[in-house]
Amino acid sequence: MIEPRTLAGFRDYLPAAMIPRERLIATAQRVYRSFGFSPIDTPALEYLEVLTGKGGEESDRQLYQFEDNGGRRVGMRFDLTVPLARFAAQHAAELGTPFKRYHIGMVWRGERAQRGRYREFMQCDFDTIGTKSVAADIETAVVIHELMRAIGFNNFTIRVNNRQVLSGLLAKLNLAEKSVPILRALDKLGKIGREAVAQEMMTAAEATAEQAEQVLKLAELSGDSDDMLQQLGGLLAGNAQGEEGVERLRQILRGAQASGVAPGKLQLDVSIARGLDYYTGAIFETFLGDLPTIGSVCSGGRYDNLAGLFTKQELPGIGASLGLDRLLAAMEELQLLEKVSTPAPVLVAFFDKDRLNDYLQIAALIRHAGIGVELFPDAKKLGQQLQYADKRGFKLAIIAGSRELDSGIVQVKNLATTATEEVPLEMQSTEPGQSLVTTLQRLLATS
């Protein structure tokens, strides 16, 4: 016998996990479409040269790569942004620019599995390709804000920074050529602490202790956004790249506020750097106020040079990704997930074996009204069927024996309160609001 088991960092999704997962996906699709983003898909496998060297050394180490049956070196995508750059370069003439897309799909990283982090996980990306306009930066922040609200969160913070600010300071410190290891170390500030980050800068980037201190001082600026922007302006005066980064941050903060984002929801945080090498401008990370330790649940930024690896056409881009699995892990920890293992809220009980067709008609009547319904398949005792309904999270049960069916009525049982109502079977009752369908709609609306 083969032992049934899954690989470390991989997992099966039972109905209780897949139902909220699909609901989150549907919410993300609805929000992305409301801003005009169109769906695309790309292959799980890419030529290895498409993926390597794009996200940095760590991403290359985590790549699942192998030689296929045709002798080609291939890799499994580690995110959805690098394949997008290849996709945009390949199809730019057909798509035109600006091009706004969303992509929901699995990615794979051979990293150490931990809370909310898996080796196979789903990303829900949205991106705008073909414009450097700050309007696209602003819209990215607004989409993240609307997405978090649509999911049901109010206590969250979107942190924003700009790689130009960090790069401008590094240029002033004569560390421009060491920007990749410096920013990679800075991205770990919240995880390993100040001293460890400073040591990594000195080891990996050969920065002096004074240079590392200056980078950390920038990252540790505090105050409200206006105060921090003023401080940044002073620190970066004379460096064109840094000054541009500060100005774009100012425009993002003001534009987001004009779009209805509360000032407290979007906060300037010059400590965030995003570990991937391809970011060039605005960067975003989103944290839950009730569970900040789970890490960012929606991150992204501007990458103006990534598509340049595949085409001479200028295809700047910006976008973000909802970390679906991490967010679901957070929602489970916060007890925000409804414990159900059925997508249908109504169960039709079946305990008179001679009246199967009647039960089928009842189920069809409910389903045709747009309400999910399941017919229990066996004529078992009512108690067993109600136990089944409770275990799987049904909200309502339709109960009718021969007496009720002959009289044209059914019992509607609220499984949470155990209250029961007797209602007529007709689609349209002579008494407004008393038909089976309207009763179900009313009870489901309040459950």
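The values are calculated or read from the model by the stated rules, or taken from the named source; none is laboratory data. Keep in mind that this is a model prediction, so the values were computed, not measured. Positions of Cβ are generated from backbone atoms using ideal geometry, with glycine treated the same way; all protein chains shown enter the neighbour counts. Just the protein is used for accessible areas: all its heavy atoms, side chains included, with ligands, DNA and RNA removed. Shrake-Rupley method; radii C 1.70, N 1.55, O 1.52, S 1.80 Å.
Nearest-5 percent of antiparallel DSSP beta bridges in the chain? Please list the in-between numbers first.
Numbers: 50 of 61 bridges.
Bridges in the chain are about 80 percent antiparallel.
If amide H atoms are built 1.01 Å from N in the plane of the peptide, which residues on other chains or at least 5 residues away come under 5 Å of the amide H of Ala282?
Arg163, Arg302
Mind running the shape call on the range 37-191? Use the C-alpha gyration tensor, a ≥ b ≥ c as the square roots of the eigenvalues: rounded below 1.5 for a/c, prolate if a/b tops b/c, oblate otherwise. Let's see the in-between values first.
Details: a/c = 1.32, a/b = 1.12, b/c = 1.17.
Rounded, because the longest to shortest axis ratio a/c is under 1.5.
Using the C-alpha atoms of the range 51-115, what convex hull volume per residue, in cubic angstrom, is computed?
Value for the range 51-115: 136 Å³ per residue.
Beta carbons within 10 angstrom, averaged per residue: use that to sort the peptides 73-84, 51-62, 89-100, highest first. Each step should come with its number before you reach the end.
Values: 73-84: 22.5, 51-62: 17.0, 89-100: 14.8.
Result, highest mean Cβ count within 10 Å first: 73-84, 51-62, 89-100.
Can you pull out the chymotrypsin sites (Phe, Trp or Tyr not before Pro) in the range 12-44 whose DSSP state is coil and whose Cβ has at most 16 other Cβ atoms within 10 Å?
Working: sites: Tyr13, Tyr32, Phe35, Phe37; in loops: Tyr13, Phe35, Phe37.
Loop-located and lightly packed - Tyr13, Phe35.
In whole angstrom, note down how far apart the Cα centers of the range 13-64 and the range 178-198 are.
Each part reduced to its Cα centre gives a spacing of 27 Å.
Take Ala262, project a point 7 Å from its Cα along the Cβ direction, then tell me which residues of the range 142-181 have their backbone nitrogen under 14 Å from it.
The answer is 145-146, 148-150, 152-158.
Given H placed 1.01 Å from N in the peptide plane, which residues other than close sequence neighbours of Arg159 have an amide H under 5 Å from its amide H?
Gln267, Glu285, Thr286, Phe287
Quick one: putting +1 on the C-beta of Lys and Arg, -1 on the C-beta of Asp and Glu, what dipole do you get for the range 133-217 around its Cα centre, in Debye to the nearest 20? Present the calculation step by step, with values, prior to reporting the outcome.
Values: 10 positive and 10 negative charges, 31 e Å.
Taking the Cα centre of the range 133-217 as origin, the dipole is about 140 debye.
Apply the a/c threshold of 1.5 to the C-alpha gyration tensor of the range 95-173 and tell me whether it is rounded, prolate or oblate. Please report the intermediate quantities before stating the final value.
Working: a/c = 1.42, a/b = 1.19, b/c = 1.19.
Here the range 95-173 falls in the rounded category.
Need one word for the range 252-308: rounded, prolate or oblate. Basis is the Cα gyration tensor (sqrt eigenvalues a ≥ b ≥ c); a/c below 1.5 gives rounded, then a/b vs b/c decides. Don't jump to the answer; show the numbers that get you there.
Numbers: a/c = 2.51, a/b = 1.27, b/c = 1.98.
Oblate, because a/c is 1.5 or more while a/b does not exceed b/c.
Given H placed 1.01 Å from N in the peptide plane, which residues other than close sequence neighbours of Glu374 have an amide H under 5 Å from its amide H?
Close amide H contacts, sequence-distant or interchain: Val346, Leu347, Val348.
Find which of Phe394, Thr438, Gln411 sits farthest along the positive direction of the dipole of the range 342-447, computed with +1 on the beta-carbon of Lys and Arg, -1 on that of Asp and Glu, about the Cα centre.
Phe394
Can you list the lysines whose alpha carbon sits under 23 Å from that of Lys391, skipping same-chain ones fewer than 8 residues off?
List returned: Lys339, Lys380, Lys381, Lys413.
For the range 214-223, take each phi angle, set θ = phi - 60°, evaluate the Karplus expression 6.51 cos²θ - 1.76 cosθ + 1.60, and give the result in whole Hz per residue in order, putting x for glycine and proline.
5, 5, 5, 4, 4, 5, 9, 4, 9, x
Roughly how tilted is helix 163-172, in degrees to the nearest 10 and between 0 and 90, from the longest Cα axis of the chain?
Here the helix axis deviates by roughly 20 degrees.
Please give the per residue accessible area of the chain, computed with a probe of 1.4 Å over protein heavy atoms only, in Å².
Working: 21530 Å² over 447 residues.
Per residue, the chain has 48 Å² of solvent-accessible surface.
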